[in-house]
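The values are calculated or read from the model by the stated rules, or taken from the named source; none is laboratory data. Since the structure is predicted, the reported quantities are computational estimates derived from the model, not experimental observations. Cβ sites come from the backbone with ideal geometry, for glycine too, and all protein chains shown count toward neighbours.
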Amino acid sequence: MVHIGDTLVSEDILSEAFCCDLSVCKGNCCNSEGESGAPLEEDELQAMKEVIPIVWDDLTPRGQKTLRETGPYFKDKAGDWVTTVVDGHDCVFCTYNDTNVDIPLKGACLCAIEKAFREGKFTTLPSYRDGKTPFIKPISCQLYPIRLKTIGEYTAVNYDKQPAMCGCARKLGRKKDMYIYQCVRDGLIRRFGEEWYNELKICANEMKKIGML
């Protein structure tokens, strides 16, 4: 474990090659089977409601129906807030709308929230961190394959290894010489800040020099 401030970072975050390859996996982490969707933080809940009318037209008919009946999130069996899923499969905010999508991503399951953000549809920012930080999508999604867990006074930063689902990401990571902490750089900075991320990079570089990675 690497200890930075009040976080404990698993060493495989620094050592595992990883680079998302949506052209191959087609957004499998957004539509994998399961009763629960993406983990949500308390300060994201209101924003999840506010984005619905913005992304509505990009959602699937089943997603729209599920939102009407169930809403955008619920508490799972562990008592954690998670996004609603459609028929035990897609996140309710999945979109297969190919408008303005690059050719390699045609047919991929994309996040309707992130798609709307990239297309400039957020004329006002959702109520997230006092409206000062853009709500691109839930932080757990932006951080994936990293998962966060509270352990006492610390936040554990762990690698959620999914061999079948993310094999193409590990393959592309090896090809590009990119590692998990580099692949999800923007999410880590959004969650922990740039100073924290710079310290993590220093740790990675120093550990490589002495053969610990």
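Condition check: free of Cβ contacts under 8 Å to residues at least 40 places away in the same chain, surrounded by 14 or more Cβ atoms within 10 Å (Cβ to Cβ) and either in contact with a Gly (Cβ under 6 Å, 6 or more places away or on another chain) or not assigned by TED's automatic domain parsing to the domain that holds residue 181 (or both). Does residue 18 satisfy that? Steps first, please.
Values: free of Cβ contacts under 8 Å to residues at least 40 places away in the same chain: no; surrounded by 14 or more Cβ atoms within 10 Å (Cβ to Cβ): yes; either in contact with a Gly (Cβ under 6 Å, 6 or more places away or on another chain) or not assigned by TED's automatic domain parsing to the domain that holds residue 181 (or both): yes.
The answer is no for residue 18.
Would you be able to say whether some residue in region 13-32 is of a type in the set (Ser, Thr, Tyr), at pLDDT 90 or above and within 30 Å of residue 201 (Cβ to Cβ)?
Residues of region 13-32 of a type in the set (Ser, Thr, Tyr): 15, 23, 32.
Remaining after also requiring at pLDDT 90 or above: 15.
Filter once more, so that each one left must be within 30 Å of residue 201 (Cβ to Cβ): 15.
Yes, region 13-32 has at least one match.
Need pairs with beta-carbon distance below 6 Å; first residue in contact (Cβ under 8 Å) with a residue 60 or more places away in the chain and within region 27-54, second among the polar types (S, T, N, Q); sequence gap 6+ or separate chains.
So the pair list comes out as 38/83; 38/140; 39/140; 46/127; 47/127.
For the list (1) within 18 Å of residue 11 (Cβ to Cβ); (2) surrounded by 18 or more Cβ atoms within 10 Å (Cβ to Cβ); (3) at pLDDT below 95, I need the number of the one condition that residue 159 fails.
Unmet for residue 159, out of (1) within 18 Å of residue 11 (Cβ to Cβ); (2) surrounded by 18 or more Cβ atoms within 10 Å (Cβ to Cβ); (3) at pLDDT below 95: (3).
From the list 112, 108, pick out the single residue that is within 20 Å of residue 29 (Cβ to Cβ), buried (at least 20 other Cβ atoms within 10 Å of the Cβ) and modelled with pLDDT of 90 or more. Even if it seems obvious, please write down each step before you answer.
Working: 108 fails: modelled with pLDDT of 90 or more.
Result: 112 is the single residue among 112, 108 that is within 20 Å of residue 29 (Cβ to Cβ), buried (at least 20 other Cβ atoms within 10 Å of the Cβ) and modelled with pLDDT of 90 or more.
Any idea how many residues of region 183-207 are touching a residue at least 24 places away in the same chain (Cβ under 8 Å) and not in a loop (DSSP other than H, G, I, E, B)? Quick ask: steps written out before the conclusion?
Going residue by residue through region 183-207, those that are touching a residue at least 24 places away in the same chain (Cβ under 8 Å) are 183-184, 186-188, 190-192, 196, 199-200, 203-204, 207.
Now drop any that are not not in a loop (DSSP other than H, G, I, E, B), which leaves 183, 186-188, 190-192, 196, 199-200, 203-204, 207.
Looking only at that region, the number is 13.
Pull out all pairs, ordered by first then second residue, where Cβ-Cβ is under 7 Å, the residues are six or more apart or on different chains, the first lies in region 71-91 and is of a type in the set (Asp, Glu), and the second is in a strand (DSSP E or B).
Close Cβ pairs satisfying both conditions: 76/82; 80/39.
When you look at residue 212, is it surrounded by fewer than 16 Cβ atoms within 10 Å (Cβ to Cβ), of a type outside the set (D, E, K, R) and closer than 14 Å to residue 10 by Cα, yes or no? If you could, list the steps in order and put the result at the bottom.
Values: surrounded by fewer than 16 Cβ atoms within 10 Å (Cβ to Cβ): yes; of a type outside the set (D, E, K, R): yes; closer than 14 Å to residue 10 by Cα: yes.
So residue 212 fits the description; yes.
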